[in-house]
Amino acid sequence: MTTAGKMPVIALEEHYYDAELAATFDGPEGRGGEARRRLLDLGELRLSEMDAAGIDLQVISHGAPSVQRLDAETAVWMARGANDRLAEAIELHPERLAGFAALPTPDPEAAAAELDRAVTALGFKGAMVHGLTNGVFLDDKRFWPIFERAQALDVPLYLHPAVPHRAVVETYYQDYLAEFPSLLTAAWGFTVETATQAIRMVLSGAFEAYPSLKIILGHMGEGLPFLLWRLDQALSRPGNRPLSFREQFSEHVWITTSGNFSTPALICSMLELGADRILFSVDWPFVQNEPGTRWLQGLQISAEDKAKIAGGNARRLLKL
């Protein structure tokens with residue numbers, strides 16, 4: 001817990017498993033062993049590891065792929081049940097835990113309604129969506145009712161990775177997966193898939209249609225802060241629809257440090273987006289808490305910027 005004079009630390013890409021929902025997972029996302037033990041814990045183990053690392057609050061979200069690959073009918077009742085059970089766990093530790101909702105995106109209208117219920121009735125702080133929804137990117141207009149509801153509620157949507165589309169896996173990664181299985185996920189596949197999703201969000205016109213829509217990207221913005229100038233310049237060349245990519249991205253996107261404790265990457269992101277757009281996260285339990293908070297505390301940046309990144313920005317964005 002926060003003590004007098006201590007900088008509050010909030011981590012907001014911290015995962016869990018709902019046992020009923022996780023039973024539907026297979027492949028690389030069907031975590032077992034020690035990772036599953038931690039994912040299923042919403043009490044003593046989670047809190048003790050937060051305490052050991054000096055984390056005051058976790059904003060918890062379901063691990064990938066959540067309900068994004070289920071049929072529409074199943075996704076609706078699975079998401080509702082998982083959100084209800086997460087809310088019950090949060091009620092036991094309301095000063096230490098908060099939540100992002102699982103959304104049944106296979107039924108976009110139901111997903112918008114579930115977002116409304118999760119925020120207004122359960123007290124959640126937004127929602128997390130994992131990768132593609134049964135092969136379809138989130139920028140598709142069928143999903144725009146979710147954006148409309150998120151804007152009306154003034155809560156962010158966190159775009160989180162999942163295993164890439166099967167055709168991409170077979171073409172880009174399959175040759176090396178036997179020796180380097182992480183290439184498919186955290187090493188590269190997750191980044192490419194989620195960065196592409198974020199780029200498509202800008203190109204789709206969703207931010208023009210919903211000018212107050214807020215998006216969060218993890219893993220230091222999935223590499224996009226480093227590429228913003230080039231993306232903006234290339235998309236401004238003749239033949240493209242007029243669009244200020246860099247401006248729209250910077251106005252609508254916040255990024256987190258989840259699983260990316262790189263000081264050069266942080267400095268690049270601060271120069272490109274500003275410290276106000278960066279939020280501390282760990283990516284627990286896939287990444288351990290203590291390396292993250294140790295890195296945060298050791299950063300040679302101003303005390304004001306460090307406090308913003310550690311928790312101040314999250315408090316403002318999520319209205320904690």
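The values are calculated or read from the model by the stated rules, or taken from the named source; none is laboratory data. The model shown is predicted, which means the values in this text are computed figures rather than measured ones. In this analysis, Cβ positions are derived from the backbone assuming ideal geometry, glycine residues included, and neighbour counts consider all displayed protein chains. Accessible surface is based on the protein model in full, side chains and every heavy atom, while ligands, DNA and RNA are left aside. Shrake-Rupley method; radii C 1.70, N 1.55, O 1.52, S 1.80 Å.
The table for this structure:
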read-out: Residues ASP116 and LEU227, FRET efficiency given R0 of 41 Å [Cβ-Cβ distance, rounded to 0.05]; value: 0.75
read-out: Residue-averaged [θ]222 nm for the chain, counting only DSSP H segments that reach four residues, each worth -39500 (n - 2.57); value: -12500 deg cm²/dmol
read-out: Sites PHE180 and ALA23 - FRET efficiency at Förster radius 25 Å, r taken between beta-carbons, to 0.05; value: 0.30
read-out: Length-normalised contact order of the chain in % [C-alpha pairs under 8 Å, at least 6 apart]; value: 19
read-out: Enclosed volume per residue, in Å³, of the convex hull spanned by Cα atoms of region 1-133; value: 105
read-out: The chain: antiparallel DSSP beta bridges as a percent of all, rounded to 5; value: 5
read-out: Members of LYS6/LYS214; LYS125/LYS308; LYS141/LYS319 lying beyond 26 Å, as alpha-carbon distances in this model show; value: LYS6/LYS214; LYS141/LYS319
read-out: Average accessible surface area per residue within the chain, 1.4 Å rolling probe, Å²; value: 43
read-out: Prolate/oblate/rounded call for region 117-240, Cα gyration tensor, a/c under 1.5 rounded; value: oblate
read-out: In nm, spacing of pseudo-spin labels at LYS319 and GLU109 (7 Å Cα→C-beta vector); value: 2.7
read-out: For peptides 8-21, 253-266, sequence by mean Cβ density within 10 Å, most packed first; value: 8-21, 253-266
read-out: Of all accessible heavy-atom area on region 173-261, the percent that carbon and sulfur account for (1.4 Å); value: 56
read-out: Packing-based order for 149-162, 88-101, using average beta carbon neighbours within 10 Å, highest first; value: 149-162, 88-101
read-out: Global geometry of region 164-307, whether rounded, prolate or oblate, following the gyration tensor of its Cα atoms and the 1.5 cut on a/c; value: oblate
read-out: Hydrodynamic radius (Kirkwood) for the chain, which is based on Cα pairs only, to one decimal in Å; value: 19.7
